[in-house]
Each structure stands twice: as structure tokens, then as C-alpha cells.
Amino acid sequence: MKIVLEHLTKQFISRNSSSEIVTAVNDFDFEIPDGKLVGLLGPSGCGKSTTLNLICGLEVPTEGKIYFGDLDVTALPPENRGVGMVFQNYALYPHLTVRQNILFPLENLKGEQKLSKEVMNEKALEAARLVQIDTLMERKPSELSGGQQQRVAIARALVKTPGVLLLDEPLSNLDARLRLQTREQIRRIQKETGITTIFVTHDQEEAMSISDLIIVMKEGMMQQMGKPQEVYNHPANLFVAKFLGTPAINVFEGKILDHKVYIGEDAVMDTEAEDQDIYVGIRPEGFIPDRNGKFNCRFDRIETTGRDTSIVCHNDSCISDSDIRVIVDSDDELNNENGIIRFNLKPNKTHLFSKKDETVI
Amino acid sequence: MYNRNNLKGWLYLLPALAFISVFMIYPLIDVFVYSFEENYNFASQSYTGVGLYNYSYILHDPYFLQAVKNTFILVIITVPLSTGIALLISLALNSIKKLKDLFQTVFFLPYVTNTLAVGLVFMILFKKTAYTEGLINLLLNSVGISSVDFIEGPYWAKMFVLCFYTIWVVLPFKILILTSALASVNKDYYNVARIDGTSKLRIFTRITLPMISPSLFYLIITGFIGAFKAYSDVVALFGTDLNAAGMNTIVGYVYDMLYGNSGGYPSFASAAALVLFAIVLTITVINLLVSRKNVHYQ
Ligand SMILES: Nc1ncnc2c1ncn2[C@@H]1O[C@H](COP(=O)(O)OP(=O)(O)O)[C@@H](O)[C@H]1O
Ligand SMILES: [Mg+2]
């Protein structure tokens, strides 16, 4: 089922007495296609959870409409929307067994939808099998590992075969290895069921690795939506460029003069854009060490982490929080004269942003 | 190493153990012994025989039987009612947003109010004097019911006042415990339940109740024990001659047997105290057994 958001806005009166208005979701206007896994990505407090709560009906929008398919669900209460939701802390009922937890939504069905005991058990088992916890049915949540609890929560959300599955930071309580495994599981489950899924995270790598589409948001505003690689390769603005990718993109102050891009004194590349002050964003993999390169940096050290060799260096125009980080092939020839290292830049890894509004040029 | 640590542990416990031995265990054993000694006398430290005579006597004493009956009525009415009312009020408090703090304070006020002041309020409400019929009677009169003497009148009227008073006194503490228990239930449980289309009743019985069951259980156990020990409130309402008023309780009977006008019978008092002990123990064990299945500690 596709999800359409139409000028969706949610404002809160701030909780700390000052009673200023917080716009948690600001004029969301886009469509989430049917059957896709969509990663909703942004820093903490940017309104991701609020967006999910609006979609599932726990929050009422200040303005705008929500459609599931062609159906306007804006005024529908959560139980009539046919959504499954997994909360960050899983919210498994601690006094019920895994089986009882998964059965819980089915037992709520009334009237014509009411199911027989056998059918309910069958469905619960089916959901449990899907997330591979069917051998743990009689345990209490406290007797499960974090990853298993997480899967129980997904099974409970899926057991009524919802049209939409919403996951709010489902992996953030897991350790690094489990996180990797579980996100593959989520990917697999989503593929198997084909349920339109929105997956909230503040971890860009997580979102990039399993999503069909990502939506990057900042302070309640949608910044960019697209396939992960497209958004990475063509960031719409400086925020998106900085938010995606590890190590983070290197950002420099620069200017365009006579169709040349200057960082400090160095004319690093050509451009067609007009003269103006700019930010230059260069991905760590966008540098080519070259004895005759146009971009000069002060060499600091070489770091090897796993398969990556990175050069750490300095430049006065760099405004990133940390030093410049350059990822190179280990067989690249390094030129280092008097502590100066020279690079050429890959145009497709170098992004220019207007200094005025930080949008891409 | 283990043994030395063990020794150290006992050493730390020693002061507490000494106090408990002197002030609790020794008297307990003493009472137990007295209860089997016929006609024990404090002054001469003498007794006339050993056996079940004391128990037989009190179990045939109409005053004791009345006290047991009164105590049981009090317990059976006030424990469920006060817990239930406290739960209802807490649920209401928990669901309102505005003025929540104000109401919470209002409901807690009786707890920090002087007993004498509370007693005075009850006087104004219930007591018939030369000058006034009491507020409740005035209300009854206004709907055409004739006055009832709640303090010196019929048994049921006195029992009503006693239960009313007891519930009133224990309510604030129970509300305090239950509101904090309700507030500590993670909101996400309710959100999940709402998304899953759970009815209000089912949310209450399948989520809220199990979640607050430890607090509820604590209140029920301490409620039972507290109600079985009722005495001072009864004196405050009906004076010291409780047997004459027909409003004595088991603890009141024990006190009367020791120090009352008809006092001076430590053996009877001890036997009565042990009967109370047996009753409370039984009820508590039953409570614990029931709780095993129904109380969910996290
Ligand atoms: N119930 C609420 N009342 C007031 N402010 C809220 C409420 N819920 C969220 N907010 C505010 O809205 C903003 C977005 O919150 P949230 O959606 O939880 O962010 P995220 O999930 O991206 O971390 C935050 O500034 C938060 O303080
Ligand atoms: Mg959140």
C-alpha cells in the first residue's frame, strides 16, 4: 500500500514552560511507493518519531492529510489503519510469553473478524517462523536476548498482516554485530512479505545499506528523498552531504572566480557556475594523490584501519569538525615533500554548495 | 576467605539482631509461653497449671467472639473497598492532564493531617450533640430520613462509621502508591495496545493490572495486616469501653485483658494475641500463594 503525505505538519507546544511552538514535522509532501523499504533518516530530535506517530495515528496532525492507497486515513484512529509498529524499546508485555505477546493483537479482533483459537495459533506460529523465533514461544521476554526480543516485536507487528509496517529505531538497542545481522533480517522479512515499510534511524549507514529509498530530514523538514546511492552521489544540500557517508565528507570554504574553484590559493578544478562564495565538499574517496596535483594540504599522518588506508592532513580552509581524511588505495604512490601533499580531485566526488543557502550548485 | 567475610557480615548485623532479639523475639516467646500457663500472675510470677485452658476460655468468651466478628467485618469491608476506591481515583488522576498535581495534593492531605483534626471532622459529620444532629444526619433529614445515632446507636450505624473512617484514613497512602505505580508504566505499552486495537477494558485487565500488580499486592497485604490490628481508631471513635459499645476488636480485647477495667489477665491476653497471630499468618500465606500466579515482578 502506498502512503501519501500531503502538506503534513505537526506542531507541539514546547514542554518546558516557555510554551514556544516546536514544529516537529514541517509540510511533508511526498509519496512512499507500495512495497518498498524506506529509511527515514535524520539526527536525533528532527521529528522522525513524530512522523511515524502521525502515520500510525498516535498523533493527530496540525495540518495536512495522510492517505493509505487512495483512502484518506487522517481522521482514522490507529486501530483502524491497519499498521504494525515496532517501538525502539520493543514494548513487549513483560508478563506474557512470546506466544501470548504475538497472539495479543489477534485476540483483539471482534465481530466478523474474530478468529478461532486454531487459526490464531497458526498465524502466530507463522509470524514467529518468519522471524525465526518459533522455538522460543513459551519464554518470557526477559529470558530473550535483545535481538530475539526485537524479532518478537516484529512478529507481533506482522501477525495481523498490516498494510504498513513502521519501525522506530529498531536496531539502536542492539550491539554492533547483532545490528548488522538484524538489519539483514529486516530486509529479508520485508522482501518476503512485500509490506510497505518505514524504517526510522539516525544511523546513516544502516539506512543506506537496507533501504530502497531514503528520506533525509532535518529539524522537521524533508531535505531529500531518493535511492541511497543517488542521494549519496548527488546531495541536494550541504546538510545531506555531511550527514551521509563515513568517514564524513570534508568541507572547505572556497570561492568561484572566472569559472575556477578556489580553495585558499589553490585553483582545484573548473566549473561552469557563476562567481560566488561557496562551500566545497569532497568525499574521502574523492582525492587522487598526484605529485603535480592542484590541491595542497599539510601532511599529518597515515592511518590504517582494516582494509582502508587513510591520509590525515590539514588545510586552513577546512571547516569540518575534524582533520581532512582521505581514503586511498594502499598501492597509490604517496608524494610527500616538506610536509606538503598534493591531490587532484574527482569531479563526481566533489560537490559545490552556495554559501548563502547551502544548496548544491 | 568465605568464612571470614561471613563472620564480618554477622558482626555488622549484630546491633540489629540484638535489638530484634530483645524487643521482638524474646517477647514473642514469652507471649507464647504465657498463653499456655493458667492464671499467670506478673507480680508473683506464678501460675496454676499448663494447658489449653486459656484458649478454651477466650473462645467461649462472647466479648472475644464479638471482637473477632468486628475485626473480620472491618477487614472484609475496608481492604477491598479502600484498595478499589484508591485504584479508581488513581486511574482518574492518571488520565487527567490539567490540575493533576493539585488533585494529587488534595488527596494526599489527610495523610499528613493530624489525627485529632481528622477525628474532629468525623465528629462534625456524625456526632449527635445537644447542639447539633451532625452533618450527615442533617443531610438524611433533608431527604426525609430520620436521624441515626452513629456513635451510640445501632450496631450497623457504628460499623458504618468505623469502616468509613478506616477507608478514609488509609486512602491517601494507597492513592500515592498507586498513582506512582501507574505513572511508571511505560507509555509505549499503551501505544502498542492502541495500534493493535485493544479495548479499554482489555488494556486495563491485561496490561495495566499486571503491570501494577506488585504495588497492588503490597497494598493488599499491608492493608490486611493493618486492618487486623485496628484499635486506636476504634477508641478514637467510640471511647475506651469498647466491650460495652459492642465495637471491640481483637487488639482491643488483648489490651482490655491486660490493662482495661476488667484487666489483669496476661494469660488470656496472650492467648488472644496468638489467635490473632495465627489468623494474620494464615491470611498472609494465602495472599502469597495467590500472588505467585498473579503478581508479575519485572
Ligand atoms: N509530545 C510532545 N510534546 C512536545 N514536544 C514534542 C513532543 N513529541 C516530540 N516533541 C518535540 O518534537 C521534536 C521531534 O521529536 P521526535 O519526533 O521524537 O524526534 P526524533 O524521533 O527524530 O528523535 C523534538 O524537538 C521534540 O522535543
Ligand atoms: Mg525518535
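The values are calculated or read from the model by the stated rules, or taken from the named source; none is laboratory data. These numbers come from a predicted model, not from an experiment. Glycine gets a Cβ as well: all are built from the backbone with ideal geometry, and neighbour counts include every protein chain shown. The area values use the complete protein model at the heavy-atom level, side chains included, leaving out ligands, DNA and RNA. Shrake-Rupley method; radii C 1.70, N 1.55, O 1.52, S 1.80 Å.
Before moving on, here are some points about what is shown:
- Cα pair distances exceeding 17 angstrom across the range A:43-175, given as percent: 61
- Note on the range B:61-113: with neighbouring protein chains present and a 1.4 Å probe, carbon and sulfur make up 75 percent of its accessible heavy-atom surface.
- Counts of other chain beta carbons within 10 angstrom of each beta carbon in peptide A:89-97 average 5.
- Working note: Debye formula, equal point scatterers on the alpha-carbon atoms of the range B:72-170, no solvent; log10 I(q)/I(0) at q = 0.13, 0.22, 0.23 Å⁻¹ is -0.60, -1.17, -1.19.
- Whole-percent P(r), chain B, all Cα pairs, 5 Å bins from 0: 1, 5, 9, 11, 12, 13, 12, 11, 10, 7, 5, 3, 1, 1, 0, 0, 0.
- Scanning chain B for trypsin sites (Lys or Arg not before Pro) in DSSP loops with at most 10 neighbouring Cβ atoms within 10 Å leaves B:99-298 as the longest stretch between them.
- Taking chymotrypsin sites (Phe, Trp or Tyr not before Pro) across the range B:200-298, the ones in a DSSP loop with at most 10 further Cβ atoms lying within 10 angstrom of their Cβ are B:TYR297.
- Note on chain A: with a GNM built from Cα contacts shorter than 10 Å, the maximum mean-square fluctuation among A:THR51, A:THR305, A:THR246 falls on A:THR305.
- Summing charges over neighbours of B:PRO266, with a neighbour being any other residue whose Cβ is under 13 Å away from its Cβ, gives -4 when K and R count +1 and D and E count -1.
- Shown here for the range A:254-361: GluC sites (Glu not before Pro) in loop regions (DSSP other than H, G, I, E, B) with at most 12 other Cβ atoms within 10 Å, namely A:GLU265, A:GLU272, A:GLU274, A:GLU333.
- Net charge over other residues, Cβ less than 14 angstrom from the Cβ of A:MET222 (K, R count +1; D, E count -1): -2
- Using a 4.7 Å Cβ-Cβ cutoff, the cysteines of chain A lacking any partner cysteine are A:CYS46, A:CYS56, A:CYS318.
- Whole-Å distance, taken between Cα centres, linking the range B:108-178 and the range A:128-173: 54
- For the range B:39-77, applying the loop criterion from DSSP together with a ceiling of 13 other beta carbons within 10 Å to the chymotrypsin sites (Phe, Trp or Tyr not before Pro) yields B:PHE42.
- Under-5 Å amide H pairs with A:ILE3, H placed in peptide plane, nonlocal only: A:ILE32, A:GLY69
- On association of chains B and A, roughly 1900 Å² of accessible area becomes buried (total for both chains; probe 1.4 Å).
- When both the range A:290-317 and the range A:11-36 are represented by their alpha-carbon centers, they are found 41 Å apart.
- Calculated P(r) of the range A:250-361 - Cα pairs past 18 Å, %: 46
- Tail fraction, Cα-Cα pairs, the range B:1-154, threshold 29 Å, whole percent: 60
- Shielding of B:203-212 by partner chains, average beta-carbon count, 10 Å: 2
- 3J(HN,Hα) couplings calculated from phi for the range A:218-232 with the Karplus curve 6.51 cos²θ - 1.76 cosθ + 1.60 (θ = phi - 60°) are, in sequence order, 8, 6, x, 10, 6, 9, 6, 9, x, 5, x, 5, 5, 5, 5 Hz; Gly and Pro show x.
- Label-point gap, in nm, between A:ALA273 and B:ALA236 - each point 7 angstrom along Cα→Cβ: 8.0
- Phi angles across the range B:103-117 convert, under the Karplus curve 6.51 cos²θ - 1.76 cosθ + 1.60 with θ = phi - 60°, into 3J(HN,Hα) values of 5, 4, 5, 4, 5, 8, 3, x, 5, 9, 8, 4, 4, 4, 5 Hz, Gly and Pro given as x.
- Semi-axes of the equivalent ellipsoid for the range B:5-56, computed as √(5λ) from the eigenvalues of its C-alpha gyration tensor and ordered from largest down, come to 35, 11, 7 Å.
- Extension gain for B:VAL22 to B:SER146 (0.36 nm times residue separation, less C-alpha to C-alpha distance): 39.1 nm.
- Other protein chain Cβ atoms within 10 Å, averaged over every residue that makes up B:185-192: 6
- Distances between placed amide hydrogens fall under 5 Å for A:ARG139 paired with A:VAL98, A:ARG99, all partners being 5 or more residues away or on another chain.
- Taking all protein chains into account, the per residue accessible area for chain A stands at 47 Å² (1.4 Å probe).
- Of A:LYS294, A:LYS110, A:LYS191, the one that fluctuates the most in a GNM where chain A has Cα springs shorter than 10 Å: A:LYS110
- When chain A is treated as a Gaussian network with alpha carbon springs shorter than 10 Å, the biggest mean-square fluctuation among A:ASN338, A:ASN292, A:ASN80 belongs to A:ASN338.
- Overall shape of the protein assembly as shown was characterised from the C-alpha gyration tensor. The equivalent ellipsoid obtained from it has semi-axes of 73, 31, 26 Å, in decreasing order.
- Each residue of the range A:73-79 was assigned a 3J(HN,Hα) from its phi angle through the Karplus curve 6.51 cos²θ - 1.76 cosθ + 1.60 (θ = phi - 60°); the sequence is 9, 3, 9, 6, x, x, 5 Hz, with glycine and proline shown as x.
- The angle between the Cα long axis of helix A:146-158 and the main principal axis of chain A comes to about 60°, on a 0 to 90 degree scale.
- Efficiency of FRET between B:LEU11 and B:ALA245 - r from beta-carbon atoms, R0 41 angstrom, step 0.05: 0.20
- All-pairs alpha carbon distance profile, chain A, 10 Å steps from 0, percent: 5, 21, 25, 21, 15, 9, 3, 1, 0
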